[in-house]
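The values are calculated or read from the model by the stated rules, or taken from the named source; none is laboratory data. From a predicted model like this one, the values you see are computed outputs, not experimental measurements. When we count neighbours, we look across all protein chains shown, and the Cβ atoms used for this are built from the backbone with ideal geometry, even at glycine.
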């Protein structure tokens, strides 16, 4: 009797386990595909290249250059209707740091549409303008563009020479925050006729795209210009000194002048804004290039660089990329002490030195990293009829750098900028 009861219990237990297994298999079909963890796949060729920093740079095969679309398993219509399962696409990945893999996969896409053009900009002056001012900007920095228009970037005659102006923009990175940006930027373009807008995202590593698109635009729509000044919106430019310097040069000859950086080494520290892995640039030294705060070039050099941009592989740091293009056309850039693209540093050994003195700026050409109010103030101080700098010339013992102070200031630039060889001079 006991054996019989024990056998019935075992049969009941087996039936219960079988029922649970059947229910679990049915429930497994009802779980949405987005909640199940996909099986781990073998790493692709592209992921092997970028995950191993020791891997040498080499062209990737075609199967690695094109990302494969995600394949969703087919489901019968009746089963989908009965279960009412909706497949959901995973949200896009947010990049906390620059995605070099994505950049390399898309780096050959270098032709973007011109959304706002100014085709008649250089036709207003018979024979073309003497100087075209081209300023890198972003959509949201309207105040910086406005202060440039009201101060050193004014269009018209300067020392008898005609000046024209354009701003170089891409589309904003966060379009949801700037919901009305298209309406605003078109209104600004209609008001000032100085906005060039391309259909690529305006990010730090896309400044190279801004470089090549502007050079192509200038070669097509402003080929009759004599000289070009290209710089940032946060610089102060003594435009009168620029014109006085350029009138002594021939626009039909090569000219490229700025704050030239020699023997700069690629930054290999991942936290740096200018970090470049060895897989992207394997050499130990960059070619000579100009600080992007501002530089000058002639019409002849502009046309040569425009052609070279199509022959040189894109590089995410625009200043270095332009140096590669200069190397391509075998043109050595000229360094000028009037270009302070790293700003003016007040050394600790000279507490009496007033770096925001208009007489200090009077003989300079370009000074980087100024705020909007500082640009406006310096412009008005320099153009004041009451400005007198005669006392500055009567200083018997001008300031000279001490060795320790020079080393301290140089150490600051070695940490913050990708130009270890750059010397700081006043």
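A compact table of results
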{"read-out": "In segment 211-226, the residues that are over 20 Å from residue 329 (Cα atoms) and crowded, with 22+ Cβ neighbours inside 10 Å", "value": "222, 225"}
{"read-out": "Test: residue in segment 257-273 that is assigned to a loop (DSSP other than H, G, I, E, B) and crowded, with 18+ Cβ neighbours inside 10 Å", "value": "yes"}
{"read-out": "Count - residues of segment 261-298 that are within 30 Å of residue 238 (Cα to Cα) and touching a strand residue (DSSP E or B) at 6+ places or on another chain (Cβ under 7 Å)", "value": "13"}
{"read-out": "Residue within segment 170-189 that is in a strand (DSSP E or B), touching a helix residue (DSSP H, G or I) at 6+ places or on another chain (Cβ under 9 Å), modelled with pLDDT of 95 or more and buried (at least 22 other Cβ atoms within 10 Å of the Cβ) present", "value": "yes"}
{"read-out": "Residue that is over 28 Å from residue 361 (Cβ atoms) and crowded, with 23+ Cβ neighbours inside 10 Å, where the choices are 281, 286", "value": "286"}
{"read-out": "Count - residues of segment 276-286 that are within 20 Å of the chain's Cα centre (by Cα) and at pLDDT 95 or above", "value": "1"}
{"read-out": "Qualifying positions in segment 146-160 - buried (at least 19 other Cβ atoms within 10 Å of the Cβ) and not in a loop (DSSP other than H, G, I, E, B)", "value": "147, 148"}
{"read-out": "Qualifying residue in segment 227-243 (condition: more than 24 Å from residue 370 (Cα to Cα) and buried (at least 22 other Cβ atoms within 10 Å of the Cβ))", "value": "yes"}
{"read-out": "Elements of type helices (runs of 4 or more DSSP H) contained in segment 287-399, each with 3 or more residues being modelled with pLDDT of 90 or more and within 23 Å of the chain's Cα centre (by Cα)", "value": "299-309, 318-328"}
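A quick yes/no check of all residues on (1) surrounded by fewer than 18 Cβ atoms within 10 Å (Cβ to Cβ); (2) closer than 26 Å to residue 298 by Cα; (3) in contact with a helix residue (DSSP H, G or I) (Cβ under 8 Å, 6 or more places away or on another chain):
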| site | (1), (2), (3) |
| --- | --- |
| 102 | yes, no, no |
| 107 | yes, no, no |
| 110 | yes, yes, yes |
| 114 | yes, yes, yes |
| 117 | yes, yes, yes |
| 127 | yes, yes, no |
| 131 | no, yes, yes |
| 135 | no, yes, yes |
| 140 | yes, no, yes |
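Conditions (1) assigned to a loop (DSSP other than H, G, I, E, B); (2) in contact with a helix residue (DSSP H, G or I) (Cβ under 7 Å, 6 or more places away or on another chain), marked per residue:
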| position | (1), (2) |
| --- | --- |
| 199 | no, no |
| 205 | no, yes |
| 212 | no, yes |
| 215 | no, yes |
| 218 | no, yes |
| 230 | no, no |
| 241 | no, no |
| 248 | yes, no |
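Residue by residue, here is whether (1) under 30 Å from residue 373 (Cβ atoms); (2) part of a strand (DSSP E or B); (3) at pLDDT below 95 holds:
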{"site": "86", "(1), (2), (3)": "no, no, yes"}
{"site": "91", "(1), (2), (3)": "no, no, yes"}
{"site": "102", "(1), (2), (3)": "no, no, yes"}
{"site": "111", "(1), (2), (3)": "no, no, yes"}
{"site": "115", "(1), (2), (3)": "no, yes, no"}
{"site": "118", "(1), (2), (3)": "yes, no, no"}
{"site": "126", "(1), (2), (3)": "no, no, yes"}
{"site": "135", "(1), (2), (3)": "yes, yes, no"}
{"site": "144", "(1), (2), (3)": "yes, no, no"}
